[in-house]
Number of protein chains: 2
Amino acid sequence: MIPSQMLKGTLEGCIMAIISKNETYGYEISRQLEEYGFGSIAEGTIYPLLLRLEKNNMVSAVYRQSELGPKRKYYSLTDKGKTELEQFAKNYRELSAAVERLFYDVEDGRNEQKSERDVKRE
Amino acid sequence: MIPSQMLKGTLEGCIMAIISKNETYGYEISRQLEEYGFGSIAEGTIYPLLLRLEKNNMVSAVYRQSELGPKRKYYSLTDKGKTELEQFAKNYRELSAAVERLFYDVEDGRNEQKSERDVKRE
DNA sequence: GAAGCTACATTGCATTGCAAGATAGTGTGC
DNA sequence: GCACACTATCTTGCAATGCAATGTAGCTTC
């Protein structure tokens, strides 16, 4: 179970990524997040996030009838959203790389190296 | 530059990871985060976080003199902190794996696959 | 004595995920 | 007909946490 704090800032980008694959709607996005392994993301998380993306012109939305329930609100990425998604991917990779470097040292039992500065001072 | 929202929930674990390598103090942690590629993390972030870890018994602290400034507050991981760090690592891997799966599909231009449920309905 | 680095701390703010609850359409079984 | 379950969206208020701004203080160098 991924803690909610850890999703902050990441979930938004991931939802944009899902929309970029295919025009889709909130309820379906929720199912896809589960399939990808994000766990069960609350609807009280997804819908406000989608509304915010729409307000910031990251996505555009159209209503379409569903054969088996109320009408769906389908989202697509705008050009601005595409640019934002690319930026998100870059930022995520940056964080991911930093964490991996750190984990590598920790798992290796590698202690802090003395920096050049400290060595000079000795 | 990693956006602050994306650090939420991750930074705490990373700081515990740094402490686990070696007893260390706030100012030095800030330098190490920079070296690992997290960027410049504000002191207004680090010190409250350390105090919280201490309050929750994840770390213990002792003051030691410094030769070149005010005394330092050195932190070590408690047993509880070590358990928490392991849990953090598991959670992080879980999130990371989910994001990688998603990115893989997006970069492949892979569209949503129809689930078994949908196929049956057709 | 001023500047600059070291070192720690506090206050209040902004962002964002979530629980809880409301609304409503459709289909199934009794 | 009516209860129940699933589909589908939205709102409100809360909690967690990173950060800017600011303050304090020790030490060194010029």
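We did not get these values from a lab; they are worked out from the coordinates using the rules stated. None of these values were measured; they are calculated from a predicted model. Counting neighbours? That spans all protein chains shown, and the Cβs are built from the backbone with ideal geometry, glycine included.
Contact order for chain B, expressed relative to its length and based on alpha carbon pairs under 8 Å spaced 6+ residues apart, stands at 23 percent.
When B:24, B:10 are ordered from fewest to most other Cβ atoms inside 10 Å of their Cβ, what list results?
Working: B:24 20, B:10 25.
Starting with the residue having the fewest Cβ neighbours, the order is B:24, B:10.
Once the Cα atoms are used to define both axes, helix A:79-107 deviates from the longest principal axis of chain A by about 40 degrees.
Computed from Cα positions, the angle between helix A:26-36 and the longest principal axis of chain A comes to roughly 40 degrees. Across the stretch A:4-109, the fraction of Cα-Cα pairs farther apart than 18 Å, rounded to a whole number, is 54%.
Rounded to the nearest 500 deg cm²/dmol, what is the calculated helix-only ellipticity per residue at 222 nm for the protein assembly as shown, with -39500 (n - 2.57) per DSSP H run of length n ≥ 4? The partial results should precede the final answer.
Values: 12 runs with 150 residues, N = 244.
Calculated at 222 nm, the ellipticity per residue is -19500 deg cm²/dmol.
Scanning chain A for trypsin sites (Lys or Arg not before Pro) in DSSP loops with at most 12 other Cβ atoms within 10 Å, what's the longest stretch left with none? Looking at chain A, A:1-109 is the longest stretch - no exposed trypsin sites (Lys or Arg not before Pro) with at most 12 other Cβ atoms within 10 Å.
For the stretch B:19-63, the Cβ-based charge dipole about the Cα centre amounts to some 160 debye (Lys, Arg positive; Asp, Glu negative; other atoms uncharged).
Per-residue shielding of B:29-38, expressed as the average number of other chain Cβ atoms within 10 Å of the residue Cβ, stands at 4.
So what is the diffusion coefficient of the protein assembly as shown in µm² per second by Stokes-Einstein at 37 °C and 0.692 mPa s, using a Kirkwood Rh over Cα pairs? Present the calculation step by step, with values, prior to reporting the outcome.
Working: Rh = 20.2 Å.
Rounded to a whole number, D works out at 163 µm²/s.
What number, in percent, do you get for the relative contact order of the stretch B:1-72 if the mean sequence gap of Cα pairs under 8 Å and at least 6 apart is divided by its residue count?
Details: 33 pairs, mean separation 15.7, N = 72.
Relative contact order here is 22 percent.
Axis between B and A by rotation; chain B residue with nearest Cβ and distance in whole Å recorded as B:8, 2. One Cα centroid belongs to the stretch A:27-64, the other to the stretch B:61-113; the line between them spans 26 Å. Dipole orientation for the protein assembly as shown: of the candidates A:99, B:11, B:111, B:11 has the Cα lying most toward the positive pole (charges on Cβ; Lys, Arg +1; Asp, Glu -1).
Among the GluC sites (Glu not before Pro) within the stretch A:1-87, which fall in a DSSP loop and have no more than 10 other Cβ atoms within 10 Å of their own Cβ? Mind dumping the intermediate values first?
Working: sites: A:12, A:23, A:28, A:34, A:35, A:43, A:54, A:67, A:84, A:86; in loops: A:23, A:67.
In loop regions of the stretch A:1-87 (DSSP not H, G, I, E or B), the sparsely surrounded GluC sites (Glu not before Pro) are A:67.
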